[in-house]
1. With respect to Gln44, is the statement that it is in contact with a Cys (Cβ under 9 Å, 6 or more places away or on another chain), part of a helix (DSSP H, G or I), at pLDDT 95 or above and of a type outside the set (Phe, Trp, Tyr) true?
2. For Tyr159, work out the one condition from (1) among the hydroxyl-bearing types (Ser, Thr, Tyr); (2) assigned to a loop (DSSP other than H, G, I, E, B); (3) without any contact (Cβ under 8 Å) to a residue 60 or more places away in the chain; (4) surrounded by 13 or more Cβ atoms within 10 Å (Cβ to Cβ) it doesn't fulfil.
3. Which one is nearest to Cys150 (Cα to Cα), of the residues in segment 239-256 that are out of contact with any Phe, Trp or Tyr (no Cβ under 7 Å at 6 or more places or on another chain) and modelled with pLDDT under 95?
4. Looking for something under 19 Å from Gln317 (Cβ atoms), buried (at least 23 other Cβ atoms within 10 Å of the Cβ) and not assigned by TED's automatic domain parsing to the domain that holds Ala97 - is there at least one such residue anywhere in segment 232-254?
5. Can you go through Thr13, Thr57 and tell me which one is under 17 Å from Leu91 (Cβ atoms), part of a helix (DSSP H, G or I) and among the polar types (S, T, N, Q)?
6. Out of all the residues in segment 212-233, which are among the small types (Gly, Ala, Ser), under 11 Å from Pro195 (Cβ atoms) and out of contact with any Pro (no Cβ under 6 Å at 6 or more places or on another chain)?
7. Quick check on this structure: which one of Leu272, Leu205, Leu216 is surrounded by 14 or more Cβ atoms within 10 Å (Cβ to Cβ), of a type in the set (A, V, I, L, M) and at pLDDT below 95?
Amino acid sequence: MIRFGVIGTNFITDRFLKAGECCGEFKLVAVYSRTMERAKEYAQVHGAKYAFDTLETLAECEEVDAVYVASPNACHAKQSILMMEHGKHVLCEKAVASNSRELEEVLAAAEKAQVVFLEAVRQIYMPGFQAIQENLHKLGTIRRASFSYCKYSSRYDNYKNGIIENVFNPNLSNGSLMDIGVYGVHMLGAFFGMPERIQSAGLKLSNGVDGEGTILAEYAGMLAEVTYSKISDLNIPAQIQGENGTMLIEQMTEPVKLTIISRDGSEEVIELPETEPPMVHEIRKFAELAEAGTVNHKYLENSRIEMKIIDEARRQQGIVFPADTQ
């Protein structure tokens, strides 16, 4: 049993706690919010024993074993480091940091404290991701991958009306690339490693935040692209193309169905129905790592590659966060 504290009281935390109800490894103990009123309200709704309005009191709470960080991206690194310095394991929402420098500071803190740090990119821990890996050989030599996630944001209409919410605030290390482009970038690194070269272009909105973009990644013998947007929709599956066939991945962020189309026209459908909330898998993986004390686990390299790709894409697109100059 891992006793959790949560930082953040938004809809992502709601989904996380709903998934936690399905995990025997999970128990919510504490809630942090910027105001005690909100912390107490959220703690009461979700049955948490403690409510805190300072991060220090959460970090010092001896009844908390691990912390789920779901604050704005700009806060991830400092908050994660503070928790780990007090011996807490940390499960941190994506994007895991503002840049590679911050991420390395986070990982150094985890190593020093000998605690587990894990990025909560949910699809990587789902059965669908493993199924993709297990069936890639059927495609032959891989020549192209296309990971696209474009979804018109529910907050974009507010943006157009002059109400700037967190996801459209570049001062919080946010924007389309950091919010949803990260899914495709993370998958790119997890499957194929660090590209030899990338080219990137994006569209900025009136306040300087990126609304959409594309990353073209070059590897030895193959190309890959990541397309993302928070200002339009794209309803096509992700694809991995090989010389012998193509794999279509429906719902890239929560893969539940794969279709392999061979060059001879034959099709193989692999369905992976989910009976539990998708975030269950990241909680179970985190609990497994924390209970075993596996500080230097394989998923850290995925986060490193993710941040390196995002750093270069931002450099090419001219996306600068306050954290870059600190």
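1. When the stated conditions are applied, Gln44 does not pass them.
2. (2)
3. Out of the qualifying residues, it is Gln251.
4. No - not one qualifying residue is present in segment 232-254.
5. Among Thr13, Thr57, only Thr13 is under 17 Å from Leu91 (Cβ atoms), part of a helix (DSSP H, G or I) and among the polar types (S, T, N, Q).
6. Passing the criteria: Ala220, Ala224.
7. Leu272
Listed here are the residues, each with its yes/no results for (1) outside any strand (DSSP E or B); (2) buried (at least 16 other Cβ atoms within 10 Å of the Cβ); (3) without any contact (Cβ under 8 Å) to a residue 12 or more places away in the chain; (4) in contact with a Pro (Cβ under 8 Å, 6 or more places away or on another chain).
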{"position": "Gly184", "(1), (2), (3), (4)": "yes, yes, no, no"}
{"position": "Ala190", "(1), (2), (3), (4)": "yes, yes, no, no"}
{"position": "Ile198", "(1), (2), (3), (4)": "no, yes, no, no"}
{"position": "Ala201", "(1), (2), (3), (4)": "no, no, no, no"}
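The values are calculated or read from the model by the stated rules, or taken from the named source; none is laboratory data. Keep in mind it's a predicted model, so treat the numbers as computed, not measured. Quick reminder, even Gly has a Cβ in these numbers, built from the backbone with ideal geometry, and neighbours come from all protein chains shown.
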